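Beneath this line is the structure, given in structure tokens, with notes to follow.
Just so it is clear, none of the values below were taken in a lab; they were calculated from the coordinates. For clarity, every value in this text was computed on a predicted model and none was experimentally measured. Positions of Cβ are generated from backbone atoms using ideal geometry, with glycine treated the same way; all protein chains shown enter the neighbour counts.
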Amino acid sequence: MLSESLKAKFEEIIARYPLKRSAIVPLLMFGQDEIGYVSDELIEEVARAVGVPAIEVIEDVGYYSMLHRQPIGKYNLQVCTNVSCMLRGGEAIFAHCSKRLGIGHKQTTPDGLFSLEEVECIGACCGAPAMQVNYDYYENLTPAKVDQLIDQLREAHRNLGSGTGE
């Protein structure tokens, strides 16, 4: 069930577009942020909201790699291994993340905290090797920087869980 605040957000977003269909991806992103993935219910709701058949929404989900049909971790690590990042150690950064987290490509840690993906270009070539964690970019990565980031994310999660905030 989608929250009333998400439904209101959908109406606000749709109003920004001259063609309602143009709002599909932003609606899916907001929905995914709320429920953790793109569910069948979310697809149906987006299709209804913009007046298209559900298959058109499903096609968009299939095209965009940042949209997920299954639940992913709270922190989704997307490590770029395209040419610039590969030449500057992106594959080694991905391997380090995989070993450190104990998961592979498109897998999630048992606690649901981290997901890992090897991705194509994220547009951060000048700062290669780079990765994106949810909506934040991290550049000029080293294994030590990755370890520090993972530790910080774990600590932030612990602090949120204990009610102390960040």
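Relative contact order of the chain, taken over Cα pairs closer than 8 Å and 6 or more residues apart, is 17 percent. Only helices enter this figure: runs of n ≥ 4 DSSP H residues, each worth -39500 (n - 2.57), summed and divided by the residues of the chain, yield -15000 deg cm²/dmol at 222 nm to the nearest 500.
Taking 4.7 Å between beta carbons as the limit, the unpaired Cys residues of the chain are C97, C121, C125, C126.
What's the ranking of 79-85, 36-42, 124-130 by average number of surrounding C-beta atoms within 10 Å, highest first? Don't jump to the answer; show the numbers that get you there.
On the way: 79-85: 22.1, 36-42: 15.9, 124-130: 19.6.
Averaged packing, sorted descending, gives the order 79-85, 124-130, 36-42.
Projecting label points 7 angstrom from Cα along Cα→Cβ for E11 and Q107 puts them 4.5 nm apart. For the residue pairs K7/K74; K20/K106; K74/K106, the C-alpha atoms sit more than 25 angstrom apart in K20/K106. When each of the peptides 2-12, 67-77 is scored by the mean number of other C-beta atoms lying within 10 Å of its residues, the order from highest to lowest reads 67-77, 2-12. With semi-axes defined as the square roots of five times the eigenvalues of the C-alpha gyration tensor, the equivalent ellipsoid of the range 75-161 measures 21, 13, 11 Å, largest first. Legend: Rg and Dmax of the chain, from Cα coordinates, 17.5, 49 Å. Rounded to the nearest 0.05, the FRET efficiency derived from the C-beta distance between R48 and D147 at R0 = 45 Å is 0.50.
When DSSP beta bridges are restricted to pairs lying wholly in the chain, around 55% turn out antiparallel. The peptide list 139-146, 17-24, put in order of mean Cβ contacts within 10 Å with the highest first, becomes 139-146, 17-24. Please label the shape of the range 4-63 as rounded, prolate or oblate, based on the square roots a ≥ b ≥ c of the eigenvalues of the alpha-carbon gyration tensor (a/c under 1.5 means rounded; beyond that, a/b larger than b/c means prolate, else oblate). Here the range 4-63 falls in the oblate category.
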